[in-house]
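Student: What follows is a single structure, and I will ask about it in a moment.
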Amino acid sequence: QVQLVESGGGLVQSGGSLRLSCVASGIPFSLKAFYWYRQGPGQQREFVATVTGGGTTTYADSVKGRFTISRDNAKNTVYLQINSLKSEDTAVYYCKVFQDAAAYWGQGTQVTVSS
């Protein structure tokens, strides 16, 4: 079955960096587009970034220039590099993929930014 496992979150000071990982299984990884979303305290889940199977990337305006999404097909892993962290980046970050018209989510990884 499809499984997504995120990791790499933590507590970091404002201005710091983190790299989140999402390891996928149960899907033809190299053919799939992957998405990162986040959900802050008391907020709706929002789109952050996506990378297609061909490597094309798209970002939410709020993270352009600070976030970088990438993939390693040999490791079945998608990454989200987050730089210049701000307090408003505090959220649970989720990975998402579609398979057979269904959306699959990971369990999320918590990112907390302290000022």
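The values are calculated or read from the model by the stated rules, or taken from the named source; none is laboratory data. This structure is a prediction, so every number in the text was calculated from the model and none was measured. Note that we place each Cβ from the backbone using ideal geometry, even for glycine, and neighbour counts take in every protein chain shown. Please note that ligands, DNA and RNA were not included when accessible areas were found on the heavy atoms of the full protein model with its side chains. Shrake-Rupley method; radii C 1.70, N 1.55, O 1.52, S 1.80 Å.
Student: For residues that are touching a helix residue (DSSP H, G or I) at 6+ places or on another chain (Cβ under 8 Å) and either closer than 15 Å to Tyr79 by Cα or open to solvent by less than 20 Å² (accessible area, probe 1.4 Å) (or both), tally how many sit in the range 1-37.
Tutor: Summing the residues that are touching a helix residue (DSSP H, G or I) at 6+ places or on another chain (Cβ under 8 Å) and either closer than 15 Å to Tyr79 by Cα or open to solvent by less than 20 Å² (accessible area, probe 1.4 Å) (or both) in the range 1-37 gives 3.
Student: So in the range 82-97, with the set limited to residues that are among the hydroxyl-bearing types (Ser, Thr, Tyr) and over 11 Å from the mean Cα position of the chain (by Cα), which one is surrounded by the most Cβ atoms within 10 Å (Cβ to Cβ)?
Tutor: The qualifying residue surrounded by the most Cβ atoms within 10 Å (Cβ to Cβ) is Thr90.
Student: Take the residues of the range 49-81 that are hydrophobic (A, V, I, L, M, F, W, C) and closer than 22 Å to Gln99 by Cα: which is farthest from the chain's Cα centre (by Cα)?
Tutor: That would be Ala74.
Student: Moving to a separate point now. Identify, by number, the condition in (1) open to solvent by 20 Å² or more (accessible area, probe 1.4 Å); (2) assigned to a loop (DSSP other than H, G, I, E, B) that Tyr79 doesn't meet.
Tutor: (2)
Student: Kindly indicate which of Asp61, Asp100, Asp72 is surrounded by fewer than 18 Cβ atoms within 10 Å (Cβ to Cβ) and at pLDDT below 95.
Tutor: Exactly one of Asp61, Asp100, Asp72 is surrounded by fewer than 18 Cβ atoms within 10 Å (Cβ to Cβ) and at pLDDT below 95, namely Asp100.
Student: Pairs please, first residue from the range 63-74 and more than 19 Å from Ser30 (Cβ to Cβ), second anywhere and at pLDDT 95 or above and part of a loop (DSSP other than H, G, I, E, B), Cβ atoms under 7 Å, 6+ apart in sequence or on different chains.
Tutor: Arg66/Asn83; Arg66/Ser84
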